[in-house]
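The structure appears right after this line, and notes come after that.
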Amino acid sequence: MGRQWLIWGMVLLWFVSVSAELGRFEQPINKVDGSLSFLVVGDWGRRGAFNQSQVAFQMGKVGEKLDIGFVVSTGDNFYDNGLTSELDTAFQDSFTNVYTANSLQKQWYSVLGNHDYRGDAEAQLSPLLRQIDTRWLCLRSFIVNAELAEIIFVDTTPFVETYFLDPEDHTYDWRGVSPRKPYITNLLKDVECTLRESTAKWKIVVGHHAIRSVGHHGDTQELVTHLLPILKANNVDFYINGHDHCLEHMSDTDR
């Protein structure tokens, strides 16, 4: 959907308010060459099992080589059904005790996935988890400004109508989301406003669900209809997601 790129760098963190509803986190570049680097991981919280520990080991090696500034998580942070509470041991067993490499002791920015909404979704948003592990920062939707790049994190799970109409055997935690339609409408307005006003060289959007995918879940039609036109209209360079457990790189042939 945009240019191919590689950006390297080192960043710092603090929080400031913005006029839009989305919180903004500033991370100035402090590398001499003015570049930026970060890692992206998704669908990972398995208490170290299902190859999570092996992937974490490789992330540590790559993170050191690239001198990363932060890590992005695209959601489904804790399987199978999110966290049960702020005190759920899965947080440390799946996060703190797994990503132990020195290079990964940086800020982690996370959004919620559909599996996270099946548990206590608000537990992952709690400041208490940041006290347990200062790397952790998870919000529904927010902005990271890294000077070269502005990264907008979007809460995509509420877009998917099936989770509301046919949840099967799952129970979703929709606190803070219901009623759904006004929530989505306001979120789209905030995303559009942020992208329209952005002066960053690179505009990146992160969400859990794929917009387009050739994987198991396929396209997310609600995002194709509502989010994709906003990304195109505002010249977004990348949309990064998880959900489908495969590696895909898709380009937009219309641009």
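Residues checked against (1) among the aliphatic types (A, V, I, L, M); (2) surrounded by 14 or more Cβ atoms within 10 Å (Cβ to Cβ); (3) over 17 Å from Leu125 (Cβ atoms):
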{"position": "Gln52", "(1), (2), (3)": "no, yes, yes"}
{"position": "Lys61", "(1), (2), (3)": "no, no, yes"}
{"position": "Leu66", "(1), (2), (3)": "yes, yes, yes"}
{"position": "Thr74", "(1), (2), (3)": "no, yes, no"}
{"position": "Asp80", "(1), (2), (3)": "no, no, yes"}
{"position": "Ala90", "(1), (2), (3)": "yes, yes, no"}
{"position": "Tyr99", "(1), (2), (3)": "no, yes, yes"}
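Taking region 121-142 as the region of interest, how many residues are in contact with a Lys or Arg (Cβ under 9 Å, 6 or more places away or on another chain) and surrounded by fewer than 21 Cβ atoms within 10 Å (Cβ to Cβ)?
3
For Tyr183, state whether it is under 20 Å from Leu139 (Cβ atoms), crowded, with 16+ Cβ neighbours inside 10 Å and in contact with a Pro (Cβ under 7 Å, 6 or more places away or on another chain).
Details: under 20 Å from Leu139 (Cβ atoms): yes; crowded, with 16+ Cβ neighbours inside 10 Å: yes; in contact with a Pro (Cβ under 7 Å, 6 or more places away or on another chain): yes.
Taking the combined requirement at face value, the residue satisfies it.
Quick one: what pairs do we get from region 234-255, first residue free of Cβ contacts under 8 Å to residues at least 40 places away in the same chain, second assigned to a loop (DSSP other than H, G, I, E, B) and surrounded by fewer than 18 Cβ atoms within 10 Å (Cβ to Cβ), C-beta under 6 Å, 6+ apart or different chains?
Matching pairs, first to second residue: Asp244/Ser213; Asp244/Gly215; Asp244/His216; Asp244/His217; Cys246/Gly215.
Look at Val62 and say whether it is modelled with pLDDT of 95 or more and in a strand (DSSP E or B).
Working: modelled with pLDDT of 95 or more: yes; in a strand (DSSP E or B): no.
In short, no.
Name the residues in region 115-173 that are under 22 Å from Gly45 (Cα atoms), in a loop (DSSP other than H, G, I, E, B) and among the small types (Gly, Ala, Ser), would you?
Gly119, Ser126, Ser141 - these are the residues of region 115-173 that are under 22 Å from Gly45 (Cα atoms), in a loop (DSSP other than H, G, I, E, B) and among the small types (Gly, Ala, Ser).
Look through region 224-255, keep the residues that are of a type in the set (Val, Ile, Thr) and at pLDDT 95 or above, and return whichever of them is surrounded by the most Cβ atoms within 10 Å (Cβ to Cβ).
Step one: of region 224-255, the residues of a type in the set (Val, Ile, Thr) are 224-225, 230, 236, 240, 253.
Narrowing the set further to residues that are at pLDDT 95 or above leaves 224-225, 230, 236, 240.
On the way: Val224: 13, Thr225: 11, Ile230: 17, Val236: 24, Ile240: 15.
Only one residue fits best here, namely Val236.
Do the conditions hold for Val177, that is, is it assigned to a loop (DSSP other than H, G, I, E, B) and under 21 Å from Glu21 (Cα atoms)? Even if it seems obvious, please write down each step before you answer.
Working: assigned to a loop (DSSP other than H, G, I, E, B): yes; under 21 Å from Glu21 (Cα atoms): yes.
The answer is yes for Val177.
Would you be able to say whether some residue in region 218-231 is free of Cβ contacts under 8 Å to residues at least 24 places away in the same chain and polar (S, T, N, Q)?
Yes: one or more hits.
The values are calculated or read from the model by the stated rules, or taken from the named source; none is laboratory data. What you see is a predicted model; the values in this text were computed from it and never measured. Neighbour counts are summed over all protein chains in view; Cβ atoms, including those assigned to glycine, are modelled from backbone coordinates with ideal geometry.
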